[in-house]
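Quick notes on the structure that follows.
The values are calculated or read from the model by the stated rules, or taken from the named source; none is laboratory data. Because the structure is predicted, anything quoted here is derived from the model rather than measured. Don't worry about glycine lacking a Cβ; one is built from the backbone with ideal geometry, like all the others, and counts go over all protein chains shown. Only protein heavy atoms, including side chains, enter the accessible area calculation; ligands, DNA and RNA are left aside. Shrake-Rupley method; radii C 1.70, N 1.55, O 1.52, S 1.80 Å.
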Amino acid sequence: ASLAALFWDVDGTLAETEFEGHLPAFNRAFAERGEPYRWDPDTYLRLLRVSGGRDRLRAWLRDQEGEDPAEQRLDALVQAKQHHYTSLVRAGGLPLRPGVARLISEAAEAGLTQAIVTASSRPAVEALAAGSLAPVAEAFHTWVCGEDVAAVKPDPEAYRLALSRLALDPARVLVLEDSVGGLAAAHGAGLACVITLSRLSRREHPSAFARARAVLTDLDGGDPPAPVAGPSEADGRHVPATLSWLQQLIQAP
């Protein structure tokens, strides 16, 4: 099969959004709404086991208060959080990860179909598209966001929806993800996946990514931790991930 499409996750893959964007936005929302909570990085790391910001808030408040929070309260917190996140991202506060803009541009020039497939909300993606993603935002043929599916990652529904929208053969699609949940979602949809380790997923044991076609530190050839498979030259020096290398991955068994 020849490579026809790239599907991109957002949080941790396009940009390190979780700790540099979502976490401060949640804390600003708590302060704005007069809530007595603040999340530190370790707390947020644990909460990231729950996909989706609204469900994350619900789980936290239920754990702290012993009952489900009112939907109106959740609505207000989510709206405030999205406002602060959007402001931060639109101001260019979240740069793309190394190699992301280059590979998106190269794929677009080669005529590949590209899609964003994420558990993030559409406003969050719109903010990134208006900020650091702006120079390459038009390369994407569709976005599948958290609002578009009944079940977010690790459920494969979002990837199946992207395949359906674009009428693509799964054997010709490569997914770029950063997380165990994202890898599970891609695998569940029958898609090959490359992992670029984020600040969060670097904490995982390498065995968690055994089903990935490759595991990289980043797309620009940063030295990956062993054991991983990444593009390299004869002297073992790691080099940027290229379309020709990705083509080899899509053909791997």
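Filter the range 1-27 down to the residues that are of a type in the set (Phe, Trp, Tyr) and either free of Cβ contacts under 8 Å to residues at least 60 places away in the same chain or within 23 Å of Tyr37 (Cβ to Cβ) (or both) and list them by number.
Phe19, Phe26
Here the range 1-27 is the region considered, the condition is being among the polar types (S, T, N, Q) and surrounded by 22 or more Cβ atoms within 10 Å (Cβ to Cβ), and the residue that is farthest from Leu243 (Cα to Cα) is Thr17. Residues of the range 68-83 that are in a helix (DSSP H, G or I), open to solvent by 40 Å² or more (accessible area, probe 1.4 Å) and of a type outside the set (D, E, K, R): Gln72, Gln79, Gln82, His83.
Counting only helices (runs of 4 or more DSSP H) that sit completely within the range 91-188, those holding 3 or more residues that are in contact with a Cys (Cβ under 9 Å, 6 or more places away or on another chain) correspond to 122-130, 180-188. When Pro154 is tested against (1) at pLDDT 95 or above; (2) closer than 19 Å to Val50 by Cα; (3) open to solvent by 20 Å² or more (accessible area, probe 1.4 Å), exactly one condition is not met: (1).
Table: residues versus (1) modelled with pLDDT under 95; (2) more than 30 Å from Leu216 (Cα to Cα); (3) touching a helix residue (DSSP H, G or I) at 6+ places or on another chain (Cβ under 8 Å).
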residue: Gly12; (1), (2), (3): yes, no, yes
residue: His22; (1), (2), (3): yes, no, yes
residue: Arg28; (1), (2), (3): no, yes, yes
residue: Ala31; (1), (2), (3): no, yes, no
residue: Leu47; (1), (2), (3): yes, no, yes
residue: Gly53; (1), (2), (3): yes, no, yes
residue: Leu57; (1), (2), (3): no, yes, yes
residue: Glu71; (1), (2), (3): no, yes, no
residue: Thr86; (1), (2), (3): yes, no, yes
